[in-house]
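Just below is one structure, and these are the notes that go with it.
Read-outs throughout are calculated quantities, based only on the coordinates presented, and are distinct from any laboratory measurement. All values derive from a computational prediction rather than experimental measurement. FYI the Cβ positions are ideal-geometry reconstructions off the backbone, even for glycines, and counts take in every protein chain you see.
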Amino acid sequence: MKRVGLFIPCYIDVFYPNAALSTLKILKDLGYEVDYPLNQSCCGQPFLNSGVFSEAKGLAEKFIEIFKDFDYVIAPSASCVATVRYRYRELLKPSKELEKIIANTYEICEFLHDVVKLKELRVSFPHRVGFHQSCHGLRELELGVGSELVKPQYSKVKYLLNLVKDIEIVDLKRPDECCGFGGTFSINEPEISIAMGRDRIEDHKKAGAEYIVGYDMSCLMHMEAIAKRENEDIKFLHVVEILAGADDES
Amino acid sequence: MNHRERAREFLADREYAKWHDEALWFVRMKRDAAAKSVKEWEDLREAAEKIKEHTIEHLGFYLREFAKNASKKGIKVHFAKDAKEHNEIVYSILKKHRVTKVVKSKSMLTEECELNPFLESRGIEVTDTDLGERIVQLRGDRPSHIVLPAIHLKKEQIGKLFEEKLHIEKGNSDPLYLTNEARKDLRDKFLKAQGAITGVNFAVSETGGIVVCTNEGNADLGTSLAKVHIACMGIEKLIPKLKHLGVFTRLLARNATGQPITSYTTHFNSPSKDKEMHIVIVDNGRSEILKNKEHKKALFCIRCGACMNTCPIYRRSGGHSYSYVIPGPIGSVLANARDLKNNGDLAFASTLCGSCTNICPVKIDLHHQLFSYRKEYVQRGYMGFKKRLSYKTASFILRNPFFFLASMKGYKAFYPFLSKMNLWGEGRALPKPAKKSFREIYKEME
């Protein structure tokens, strides 16, 4: 049996345990042996994206140390996976362990699509959802095709959502515009960050979405924080929560 | 003021900011439709990237070839190492011909070199003839976009400006009326000008000729009437052969404004009879960028402006929020290449969403460029001590489970208090910790 190391970014651990639980449940149901190493915290992304490579290094080394013996490392966060896959080589000395981790680290939806090759799901979600395509998952991990590109449009995550019964995915005016989170950008430039988030929420609401769903909880956290402040009546879920059969109370 | 402060000012008028965002998004949508009408679009981008890569690698060769071939056709070629030399060369040509009035079509290079004030202080009247640039010039403003210089202005603002400067009828902001009034005023300038300055979109090494793309025909009218034509270009404007031009003209107008081609694509291959044509080729820091392996791709830029139209930050902060003459993603990259210390805020004025990289017609990895400038910014010690320290502390906490768990507990315990402090900006509520963290639930499950 393949062993999966679950990587849960620190903010998901604290704020969104259900996204983590859903990831765990789906993988276990599929027959994987899943372990969540308790000494984990952060992949180093906020430091890398802020240019502070020296502070990211220790976290990356720790990540490798914790996850090196697993067959797969899976996280419900596309931007963390993009960091491991595309930034670690710039940060760490070349090694077999590093290459193994880079090859075997997946975002959960990507894993279900590419490795598990999921064909059907026995869950229902009778709601109108707006699908937020977070940038790093879209343009780095290529979970979909950016609207700028002249290529056939496809989304791995939308494919999975379409396996869910009774779900309705609404059409957005701007299908893949950034929500303005951007990690430390949200702290460095809060005014633009919030303006961008507000515009995204408005687009989803105008399209009639009851839920905004996505594969990067950090973007959803940012938008949820804005929606709360503005008393917007809209809910947020990680895609994996729906795939695992989320109920409305979550 | 840094980018954040200028952005905050821009966003203070929510309705205006929204209008600006929508106006540029509309251009992006036109671009998407135009790009999608060309099924080999991605191949074109690839070809354009390769041609630029090759040209930049062999720039010395192509520059010499270009100068040789242009000279053969009677064009006078000048090389300028910096903005000052460029301005002096232009002035000396104008002076020789006793030019007192000059018309100029769009050229971001002359903005970069601050040619207008240089010539004006020497008694030469310079009139920008591109409508957007003319508006900006009448306001004493600067372009906020490289293709749409006056995109930050509403038609009512332009009507007011024309009332004051061109004495048009009051309260009329009909775009057609305003354009006609500007045209009337400009017509007189065209007729009286003894010299014409243009930019250069492409310089063809093989032929020694240059290509200028405009939508208003202003470059054509200016150069046809005046006895001297001075074309100003950066060293990176070269392409090897005429057959390469089609790759770029097909990309340029579609990506810039969603047009299949610019209204005028004019080839200047030699001076007209009894007239003089000069080309001033400017370095002004470009060879420094060329030397830098990681960043020389910035020189591929053909100035289509699409990275601005697609940038969610640019659309919501406006071109004037950038401290460099060229705004948006490519502007931030060029500003960082020139002076990272003083333009460092621009490397961080991005969510690294990557839309600019996807839209760039010559495939400049714009968001990776910004990412790598962030790294250099910190490595060179430009990041403030307080910020450095906060990253150091955060990293220490995250690396040590004991402190990490303690800080999470602290956050939870003090949440009612912390949530009142607007720690994440006024417009965002602080995320509320779940009743039980995943870690706690997981441990119970074990």
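Remarks
- Counting only aspartates and glutamates at least 8 places from B:K387 when in the same chain, those with an alpha carbon closer than 18 Å to its own are A:E55, A:E189, B:E5, B:D345, B:E376.
- Note on chain B: with a GNM built from Cα contacts shorter than 10 Å, the maximum mean-square fluctuation among B:W424, B:W19, B:W41 falls on B:W424.
- Whole-percent pair-distance distribution, where bins are 5 Å wide, for the alpha carbons of the stretch A:48-179: 2, 9, 17, 19, 18, 14, 10, 8, 4, 0
- Convex hull of alpha carbon positions in the stretch A:16-56: directionally averaged projected area 4.0 nm².
- The loop-placed chymotrypsin sites (Phe, Trp or Tyr not before Pro) in the stretch B:276-334, going by DSSP, include none that has at most 15 neighbouring Cβ atoms within 10 Å of its Cβ.
- Fraction of antiparallel bridges per DSSP, chain A only, in percent to nearest 5: 10 percent
- For B:E125, B:E15, order by how many other beta-carbon atoms lie within 10 Å, fewest first: B:E15, B:E125
- When every Cα-Cα distance of chain B is counted in 10 angstrom steps from zero, the calculated P(r) takes the values 4, 18, 27, 24, 13, 7, 4, 2, 0, 0 percent.
- Springs between Cα atoms under 10 Å define the GNM used for chain A, and in it the highest mean-square fluctuation of A:F70, A:F185, A:F236 occurs at A:F185.
- Whether the stretch A:110-194 is rounded, prolate or oblate, judged on the alpha carbon gyration tensor where a/c under 1.5 counts as rounded: prolate
- Hits among lysines - C-alpha to C-alpha of A:K205 under 25 Å, sequence gap 8 or more where chains match: A:K156, A:K158, A:K165, A:K173, A:K228, A:K235, B:K18, B:K30, B:K432
- Alpha-carbon gyration tensor eigenvalues x 5, square-rooted, for the stretch B:385-445, Å: 22, 19, 9
- Residue order for B:I89, A:I242, fewest other beta carbons within 10 angstrom first, comes to B:I89, A:I242.
- Per-q log10 I(q)/I(0), the protein assembly as shown, q = 0.11 Å⁻¹ (Debye; single scatterer per alpha-carbon; no solvent): -1.13
- Rounded to two decimals, the Cα radius of gyration of the stretch B:41-284 over 2.2 N^0.38 Å is 1.02.
- Most fluctuating residue given options B:K155, B:K412, B:K436, as computed from a GNM of chain B linking Cα atoms under 10 Å: B:K436
- Shown for chain A is the translational diffusion coefficient from the Stokes-Einstein equation, using the Kirkwood radius over Cα pairs, a temperature of 20 °C and a viscosity of 1.002 mPa s: 116 µm²/s.
- Neighbourhood net charge (11 Å Cβ-Cβ; Lys/Arg +1, Asp/Glu -1) for B:G171: -2
- Considering only the stretch B:41-284, percent of DSSP beta bridges that pair antiparallel, nearest 5: 25 percent
- Cα gyration tensor, the stretch B:1-72 - rounded (a/c under 1.5), prolate or oblate: oblate
- Listed by chain and number, the aspartates and glutamates placed with their C-alpha closer than 12 angstrom to that of B:K52 are B:E236; residues fewer than eight positions away on the same chain are left out.
- Prolate/oblate/rounded call for the stretch A:128-243, Cα gyration tensor, a/c under 1.5 rounded: oblate
- For B:D128, B:D188, order by how many other beta-carbon atoms lie within 10 Å, fewest first: B:D188, B:D128
- Projecting the Cα atoms of B:G331, B:P433, B:A7 onto the charge dipole of the protein assembly as shown, computed from C-beta unit charges around the Cα centre, puts B:G331 farthest toward the positive end.
- More than 23 Å apart - percent of Cα-Cα pairs taken over the stretch A:3-114: 22 percent
- Computed over chain B, the per-residue total of -39500 (n - 2.57) for DSSP H runs of n ≥ 4 gives a 222 nm mean residue ellipticity of -17000 deg cm²/dmol, rounded to 500.
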